[in-house]
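The values are calculated or read from the model by the stated rules, or taken from the named source; none is laboratory data. Predicted, not measured: the structure shown is a model, and the values here were computed from it. FYI the Cβ positions are ideal-geometry reconstructions off the backbone, even for glycines, and counts take in every protein chain you see.
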Amino acid sequence: MQITSVVNQKGGVGKTSLSVGAAAALAERGRRVLLIDLDPQGHATTEMLGMAEIPADRPSMAKALTKMWKGPVEELVVPHPRSNIGRGGCFDVIPTSPGMFDLIRRLDQFRVPGWQLARVIQFANYDHVIIDCPPALDVLTNNALAASHGILVPVQPDKTSIRALRLLGDQVRYVEQTVGRPPIVYYGVVPGLYRRPISHYAAAALQELYTFGIPMLSHLPLGVVMNEAAAHGVPVTTYAPETLQALSFREIAATLDGYLGVHAGPTIVPEEDDFVFEDFIAEVSIARNANDNGSRKKLYDLLPKKPQRPR
């Protein structure tokens, strides 16, 4: 199973469009694909694929990452019913849920943040997992990077993307060192969201992006077809299969497929820490209730009290 994160902390560069398009194109090739909507804004789920958020009372990725729910990953999955699927393939989605907005604060309270997502999906049965990351270098993005074999980086051909790519490189190295994992592969940079013909300014920015030494994949220029496909809740490869954007997604999918089987094995997930924050809080709460006479209202009341010195 090959895990790919679509990541850039700069917002508005086409992360969600690339995530959905690449995942759909892989499914069209007959691959078993899981798309994870890790962005709390949930645009992949609701705007791009026309799917509903997971109700608050159902198992969700937010609950799985904080161990409020510990079932199999298959119970989080919802198939997308309106995509072209090749023989033997599938296009499944783990949608967003209301609890995603509170997730960052809760994950920061774990002793060793970084491996929660890898533990949730490590036994999934897919050829490819595509993770649509939030527009931030936060604990969710770090979780995605820790779990991933490689990354796709959507960029706009301008100076701000050049700085963002440098910052992303620093963050990737930080995650590699912090969690002690092998180097993360850059599958490629995907330029997009520019008008044709390309301007001299954008062309100059593209030339500078080449100096990073990262493979430059098929471009995704602006086109109304992307909005039209999203309005119908289907990937552009299904809605308008002969367009330039659909062809670009298929070329990007072919690049990702070329890495399938190249990796030595699954990402090595370390043994789980016995400490679970939610279990600890539950146990303390039970102890407080058993020993509370009604006057104590704070958790620190359970701490042993120092004897007062006689006056």
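A few remarks follow.
- Test for residue 64: is it in a helix (DSSP H, G or I) and either at pLDDT 95 or above or in contact with a Lys or Arg (Cβ under 7 Å, 6 or more places away or on another chain) (or both): no
- Criterion violated by residue 104 - all others in (1) under 16 Å from residue 20 (Cβ atoms); (2) at pLDDT below 95; (3) not small (Gly, Ala, Ser) satisfied: (1)
- Near pairs, Cβ below 9 angstrom, 6+ apart or cross-chain, from the range 1-14 (at pLDDT below 95) to any residue that is assigned to a loop (DSSP other than H, G, I, E, B) and acidic (Asp, Glu): 1/127; 9/138
- Restricting the range 193-244 to residues that are part of a loop (DSSP other than H, G, I, E, B) and of a type in the set (D, E, K, R) leaves a set whose member that is farthest from the chain's Cα centre (by Cα) is 196.
- Verdict on residue 89 being more than 23 Å from residue 233 (Cβ to Cβ) and crowded, with 17+ Cβ neighbours inside 10 Å: no
- Residue 189 vs. criteria closer than 23 Å to residue 140 by Cα, at pLDDT 95 or above and not in a helix (DSSP H, G or I): yes
- Residue ID - surrounded by the most Cβ atoms within 10 Å (Cβ to Cβ), chosen from residues in the range 51-85 that are closer than 19 Å to residue 229 by Cβ and small (Gly, Ala, Ser): 83
- Scope the range 40-53; condition β-branched (Val, Ile, Thr) and either within 15 Å of residue 125 (Cα to Cα) or in contact with a Pro (Cβ under 7 Å, 6 or more places away or on another chain) (or both); matching residues: 45
- Top-ranked residue in the range 22-39 [being touching a Pro at 6+ places or on another chain (Cβ under 6 Å) and outside any strand (DSSP E or B); ranked as surrounded by the fewest Cβ atoms within 10 Å (Cβ to Cβ)]: 39
- The residue of the range 4-21 that is surrounded by the fewest Cβ atoms within 10 Å (Cβ to Cβ), among those that are under 10 Å from the mean Cα position of the chain (by Cα) and not in a helix (DSSP H, G or I), is 4.
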